[in-house]
Amino acid sequence: KKQKKMGKGKSDDPKDGKRKEKAKMQLKRNIGYFDGVSFIIGSIVGAGIFVSPTGVLKHSLLNVGVALTIWTASGLVSLMGSLCYAELGTALPFSGGEYSHIKRGLGSLPAFVFIWTSTFTKPASNAARALLFAEYATQPFYGICPAPEVLKKCLALAVLWSLGILNGCSVKMAAWVQTVFTLLKMMALSVIAIGGIVLIGGRKESLARFEDAFSSEIPNASQIAEAFFQGLYAYGGWWSLNYMAEEMKNPSRNIPLTVMTAVPAVIVFYLLVNISYLTVLTPKEIVSSVAVAVTWADRVIPSVAWIIPLSVAVSIFGALNSSMFTLGRLSYAGSQSGHLPVLISMLNVHSCTPAPAMIFSTTIASIFIIPSDLIMLTNYFGFSAWLMIGLTCASLIVLRYREPHLHRPYKVFLPVPFVMVAMSFFLVLAPIVWSPNLQYVYAFLFMLGSLVVYLPFIHFKLHFAFLDKITCHLQLLLEVSPADESAESKYE
């Protein structure tokens, strides 16, 4: 309040007005087109394409043609979803991604259920990535022996907090790290892709495998659906750009352009890499391999095969950086709307970064690392990701009819979000129907448990005075300040 009173004085000097604009406590627009492309590619391409692209092939009954078709179809569905998100991101360029759009389109309660679930599942996913990175980073030093669990957990915690501090201190540095690691992982994928293209001409058995691509047994509908589910999982992360829409330079232009560059690029690379694997290895060898890229490297470049495990670690590190960046923005947006403690919505006075939000999300991820068995529970929340995608695309449809005059620099073809809503709810119900498990009941109960918090603290605004004192002390300790009026609050 004191800050606002002090800022009431007016000045006729235009330079003074520019200085005030720069001095505003808001997220700064530091993310350009190439940074956005790096974040999307970095979010999608993790360890999966290097380690085990076997799910699609296995459920396709080793039918090469069906598997490659599903990889392509999964990429196109991801592109459709990202185009829906591009419309929402350009029309409502706020931090928080799906959370902000669901809140605007469907209301406060669905948005709170989303952030309640995400606060549990997304940090657990980050913890799993950190542990996987530690696994690949430490294993070369132990040969055939397993690395000590304590060492892996300590390294995972160190990586988490290093990236948490980096993202909390500087957006530009975080974007630079993301760009570097995305380039490194794409170079590794290029080695595999180009290697396959070079080899395919000289291998008659490989050419025959592609010429008779559909000759083997054709999977039934449920197997195709399961393979499709695996393919879509490999493309997960295409929604990440909307979490940083408030920090994008020229979002009206850059968000659609970034999406239309990054997602098709990943589709092409995924197809080329899979073709390369199938050029060197038989479908049975791919399905039975623990790490396909490592097996490929042992056959093709045995003298420098160590490049692939290193590339996997690099890829995981880049994906973890992107995921932590977006999770911090989700926590920040949720706090701005009053769905999380107010401290989390504050920005560092020196760097204008959401440092408390980064500390909050990194702390939760660290808790998951200590008893890493908890991470297994989050597998049963996989359906929740597609539930939220469905709700976000439904929000787009609702806003088209409820707010027809909302400025939309980019508009997706309207049937596309309807297709995405239908597909999302199919993907939510499919795993529950095909493999019913008591853990899915627990996951639903956890999501419904958000009502226990929502009703007293959000709906009835129950508040404890002592929390204000704690917030004040933490604010001084962390050197953070409430953000000035955001773009989102102006619309509401």
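The values are calculated or read from the model by the stated rules, or taken from the named source; none is laboratory data. Worth saying up front: this structure is predicted, and the values here are computed from it rather than measured. For neighbour counting, all protein chains shown are included, and Cβ atoms are generated from backbone atoms with ideal geometry for every residue, glycine included. When the accessible area is computed, the model is the full protein with side chains, heavy atoms only, and any ligands, DNA or RNA have been set aside. Shrake-Rupley method; radii C 1.70, N 1.55, O 1.52, S 1.80 Å.
Please tell me if SER395 is hydroxyl-bearing (Ser, Thr, Tyr) and either farther than 27 Å from HIS59 by Cβ or part of a loop (DSSP other than H, G, I, E, B) (or both).
Details: hydroxyl-bearing (Ser, Thr, Tyr): yes; either farther than 27 Å from HIS59 by Cβ or part of a loop (DSSP other than H, G, I, E, B) (or both): yes.
Judged against the criteria, SER395 is a match.
Among the residues of the range 140-152, write down those that are open to solvent by 50 Å² or more (accessible area, probe 1.4 Å) and assigned to a helix (DSSP H, G or I).
PRO140, PHE141, GLU149, VAL150, LEU151
Give the residue, chosen from LEU88, LEU131, LEU83, that is in contact with a helix residue (DSSP H, G or I) (Cβ under 6 Å, 6 or more places away or on another chain) and open to solvent by 30 Å² or more (accessible area, probe 1.4 Å). Give the steps one after another, and end with the answer.
Values: LEU88 fails: open to solvent by 30 Å² or more (accessible area, probe 1.4 Å); LEU83 fails: in contact with a helix residue (DSSP H, G or I) (Cβ under 6 Å, 6 or more places away or on another chain).
Result of the check over LEU88, LEU131, LEU83: LEU131.
Can you spot a residue in the range 377-388 that is out of contact with any helix residue (DSSP H, G or I) (no Cβ under 7 Å at 6 or more places or on another chain), modelled with pLDDT of 80 or more and either farther than 24 Å from LEU340 by Cα or not in a helix (DSSP H, G or I) (or both)?
no
From the list VAL263, VAL259, VAL273, VAL290, which residue is at pLDDT below 85 and either open to solvent by less than 10 Å² (accessible area, probe 1.4 Å) or outside any helix (DSSP H, G or I) (or both)?
On the way: VAL263 fails: at pLDDT below 85; VAL259 fails: at pLDDT below 85; VAL273 fails: at pLDDT below 85.
Sole residue among the options that is at pLDDT below 85 and either open to solvent by less than 10 Å² (accessible area, probe 1.4 Å) or outside any helix (DSSP H, G or I) (or both): VAL290.
Could you grab the pairs with beta carbons closer than 6 Å, sequence gap of 6+ or different chains, first residue in the range 336-348 and closer than 18 Å to PRO456 by Cα, second one among the hydrophobic types (A, V, I, L, M, F, W, C) and not in a loop (DSSP other than H, G, I, E, B)?
Here the result reads HIS339/PHE112; HIS339/ILE115, each pair linking the range 336-348 to a residue that is among the hydrophobic types (A, V, I, L, M, F, W, C) and not in a loop (DSSP other than H, G, I, E, B).
Could you run through the range 314-349 and say how many residues are in contact with a helix residue (DSSP H, G or I) (Cβ under 9 Å, 6 or more places away or on another chain) and open to solvent by 20 Å² or more (accessible area, probe 1.4 Å)?
Taking the range 314-349 as the starting set, the residues that turn out to be in contact with a helix residue (DSSP H, G or I) (Cβ under 9 Å, 6 or more places away or on another chain) are 314-348.
Checking which are open to solvent by 20 Å² or more (accessible area, probe 1.4 Å) leaves us with 314, 317, 323, 336-338, 340-343, 348.
Number of matching residues: 11.
Criterion first (under 30 Å from THR353 (Cβ atoms), open to solvent by less than 10 Å² (accessible area, probe 1.4 Å), out of contact with any Pro (no Cβ under 9 Å at 6 or more places or on another chain) and at pLDDT 90 or above) does LEU160 satisfy it? Break it down stepwise before answering.
Numbers: under 30 Å from THR353 (Cβ atoms): yes; open to solvent by less than 10 Å² (accessible area, probe 1.4 Å): yes; out of contact with any Pro (no Cβ under 9 Å at 6 or more places or on another chain): yes; at pLDDT 90 or above: yes.
For LEU160, the condition - under 30 Å from THR353 (Cβ atoms), open to solvent by less than 10 Å² (accessible area, probe 1.4 Å), out of contact with any Pro (no Cβ under 9 Å at 6 or more places or on another chain) and at pLDDT 90 or above - is met.
Filter the range 388-409 down to the residues that are under 25 Å from VAL428 (Cα atoms) and hydrophobic (A, V, I, L, M, F, W, C) and list them by number. Write out each step before concluding.
To start, the set of residues in the range 388-409 that are under 25 Å from VAL428 (Cα atoms) comprises 388-400.
Listed by number, the residues that qualify are MET388, ILE389, LEU391, CYS393, ALA394, LEU396, ILE397, VAL398, LEU399.
If a residue must be of a type in the set (Ser, Thr, Tyr) and farther than 28 Å from CYS393 by Cα, how many such residues does the range 101-151 contain?
As a first pass, look at the range 101-151 and keep what is of a type in the set (Ser, Thr, Tyr): 108, 117-119, 121, 125, 136, 138, 142.
Restricting the remaining residues to those that are farther than 28 Å from CYS393 by Cα gives 136, 138, 142.
Of the residues in that region, 3 qualify.
In the range 70-80, is there at least one residue being over 30 Å from THR279 (Cα atoms) and either open to solvent by less than 10 Å² (accessible area, probe 1.4 Å) or among the aromatic types (Phe, Trp, Tyr) (or both)?
no
List pairs: first in the range 24-48 and over 30 Å from SER289 (Cβ atoms) and among the basic types (Lys, Arg), second at pLDDT 85 or above and assigned to a loop (DSSP other than H, G, I, E, B), Cβ under 7 Å, 6+ apart or cross-chain?
As it stands, the answer is LYS28/CYS352; ARG29/LYS249, since those pairs meet every condition given.
Could you list all residues from the range 409-443 that are open to solvent by 30 Å² or more (accessible area, probe 1.4 Å), within 25 Å of LEU79 (Cα to Cα) and in a loop (DSSP other than H, G, I, E, B)?
Hits for the range 409-443 are PRO409, TYR410, LYS411, PHE413, LEU414.
Does ASN30 fit the bill of being open to solvent by 40 Å² or more (accessible area, probe 1.4 Å) and modelled with pLDDT of 85 or more?
Values: open to solvent by 40 Å² or more (accessible area, probe 1.4 Å): yes; modelled with pLDDT of 85 or more: yes.
Against the criterion (open to solvent by 40 Å² or more (accessible area, probe 1.4 Å) and modelled with pLDDT of 85 or more), ASN30 qualifies.
How about the range 29-123: which helices (runs of 4 or more DSSP H) wholly inside it have at least 3 residues that are polar (S, T, N, Q)? Write out each step before concluding.
Values: elements: 33-44, 48-51, 54-59, 64-91, 98-106.
By residue number, 64-91.
Among the residues of the range 296-304, are any under 26 Å from ALA213 (Cα atoms) and either outside any helix (DSSP H, G or I) or not hydrophobic (A, V, I, L, M, F, W, C) (or both)? Give the derivation first.
Our first condition is that a residue be under 26 Å from ALA213 (Cα atoms); within the range 296-304, this holds for 296-300.
Still in the list and also either outside any helix (DSSP H, G or I) or not hydrophobic (A, V, I, L, M, F, W, C) (or both): 298-299.
Looking through the range 296-304, at least one residue is under 26 Å from ALA213 (Cα atoms) and either outside any helix (DSSP H, G or I) or not hydrophobic (A, V, I, L, M, F, W, C) (or both).
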